[in-house]
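Participant: Structure incoming, see below.
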Amino acid sequence: MIFPKINLHIHSYYSDGKNTIEQIIKKAQKLNYDFIAITDHFSDSWKSNIIKTLDSQEKIQDYLDEIHFYNNYLKKSGSKLRALKGIEIDLGSSFNIVRRLVNPQEFNLILFEYLETYESIAFIQKIIKEWKNNYQLDDYQLIFGLAHFDPSNFLYDDFKILLDFLRKYNIYIEFNSNYPQYYSTKYREIFYDKLIPFRIPVATSSDSHYLSQLDEIDGPLSIIEYYELNNNYKLLLDKLEKIEW
Ligand SMILES: [Zn+2]
């Protein structure tokens, strides 16, 4: 089956990526992508001491304006490529800084990274509730995903709490080319097979920091095929098709 080509996890020089948004967009066009997402880091945890992050309102605005500018360029030039305005929120961040700096209405994709405990599930629930209280969230414009989720953290727990949570908030699971060990068949029965009845969307990404990594989605795609998650992938593609640009 031929699917649209997507890569929903890409870093630019706004955080720890090595390229400008312009360089990423032009390379993605050459690689024949349908959808990419620029997902720079947002964090005030330990991580913010070692990498650049989207750490001020001004910087976030410049970042969003730049992605918007290149989407307009793509539209005008008749390109099929679209670039989602994304952000990757470190779940070790403080609630107040996320609430203060991240306006969910400005984004198409919010990735959460390091979901390793039930406390992180509670954190996401709290922040989504806060957003829903303060903003009109449009399900057709805003997608939620879990970046490089590692099932081993939940190996001895009941995955049902996690799966119910993902289904309730319509959060997708990412297959990320940098972390093949997370997709081991030892997790098949306890987790990956269950994504099917729970109808959890799945996405492909390469978590790229260099242009040379931008095309690394064959591994993630073969995992989707291997676990027979084509319909889950389609759930995500449907959401992407509904975004208004
Ligand atoms: Zn990342």
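The values are calculated or read from the model by the stated rules, or taken from the named source; none is laboratory data. Keep in mind the model is a prediction, meaning the values are calculated, not measured. Don't worry about glycine lacking a Cβ; one is built from the backbone with ideal geometry, like all the others, and counts go over all protein chains shown.
Participant: Being assigned to a loop (DSSP other than H, G, I, E, B), in contact with a helix residue (DSSP H, G or I) (Cβ under 8 Å, 6 or more places away or on another chain) and of a type in the set (A, V, I, L, M, F, W, C) narrows it down to one of 64, 54, so name that one.
Facilitator: Of the residues listed, the single one that is assigned to a loop (DSSP other than H, G, I, E, B), in contact with a helix residue (DSSP H, G or I) (Cβ under 8 Å, 6 or more places away or on another chain) and of a type in the set (A, V, I, L, M, F, W, C) is 54.
Participant: Given the options 200, 224, name the one that is away from the ligand (no atom under 16 Å from the Cβ) and not in a helix (DSSP H, G or I).
Facilitator: 200
Participant: Somewhere in segment 133-148, is a residue surrounded by fewer than 20 Cβ atoms within 10 Å (Cβ to Cβ), part of a helix (DSSP H, G or I) and more than 16 Å from the ligand (Cβ to nearest atom)?
Facilitator: Checking segment 133-148: at least one residue is surrounded by fewer than 20 Cβ atoms within 10 Å (Cβ to Cβ), part of a helix (DSSP H, G or I) and more than 16 Å from the ligand (Cβ to nearest atom).
Participant: Suppose we filter segment 94-115 for residues that are part of a loop (DSSP other than H, G, I, E, B) and either closer than 27 Å to residue 244 by Cα or more than 14 Å from the ligand (Cβ to nearest atom) (or both); how many remain?
Facilitator: 5
Participant: For segment 156-176, state whether one or more residues are over 23 Å from residue 90 (Cβ atoms), surrounded by fewer than 18 Cβ atoms within 10 Å (Cβ to Cβ) and in contact (Cβ under 8 Å) with a residue 60 or more places away in the chain.
Facilitator: No - not one qualifying residue is present in segment 156-176.
Participant: Residue pairs, Cβ under 7 Å, 6 or more apart or interchain, first in segment 200-218 and without any contact (Cβ under 8 Å) to a residue 60 or more places away in the chain and within 28 Å of residue 160 (Cβ to Cβ), second part of a loop (DSSP other than H, G, I, E, B) and away from the ligand (no atom under 14 Å from the Cβ). List them.
Facilitator: Between residues of segment 200-218 that are without any contact (Cβ under 8 Å) to a residue 60 or more places away in the chain and within 28 Å of residue 160 (Cβ to Cβ) and residues that are part of a loop (DSSP other than H, G, I, E, B) and away from the ligand (no atom under 14 Å from the Cβ), the close pairs are 202/229.
Participant: Could you grab me the full set of residues in segment 76-93 that are surrounded by 14 or more Cβ atoms within 10 Å (Cβ to Cβ), more than 16 Å from the ligand (Cβ to nearest atom) and among the basic types (Lys, Arg)?
Facilitator: If the condition is that a residue be surrounded by 14 or more Cβ atoms within 10 Å (Cβ to Cβ), more than 16 Å from the ligand (Cβ to nearest atom) and among the basic types (Lys, Arg), then 82 is the only one that fits.
Participant: Of 175, 123, which residue is of a type in the set (Phe, Trp, Tyr) and assigned to a helix (DSSP H, G or I)?
Facilitator: After applying the criteria, what remains is 123.
Participant: Related question: Among the residues of segment 28-51, how many are surrounded by fewer than 18 Cβ atoms within 10 Å (Cβ to Cβ) and at pLDDT 95 or above? Please lay out each step first, then the result.
Facilitator: Step one: of segment 28-51, the residues surrounded by fewer than 18 Cβ atoms within 10 Å (Cβ to Cβ) are 29-32, 34, 44-46, 49-51.
Keeping just the survivors that are at pLDDT 95 or above gives 29-32, 34.
Of the residues in segment 28-51, 5 are surrounded by fewer than 18 Cβ atoms within 10 Å (Cβ to Cβ) and at pLDDT 95 or above.
Participant: Right, here's the next one. Can you name every residue in segment 23-63 that is more than 13 Å from the ligand (Cβ to nearest atom) and small (Gly, Ala, Ser)?
Facilitator: 28, 45, 48, 56
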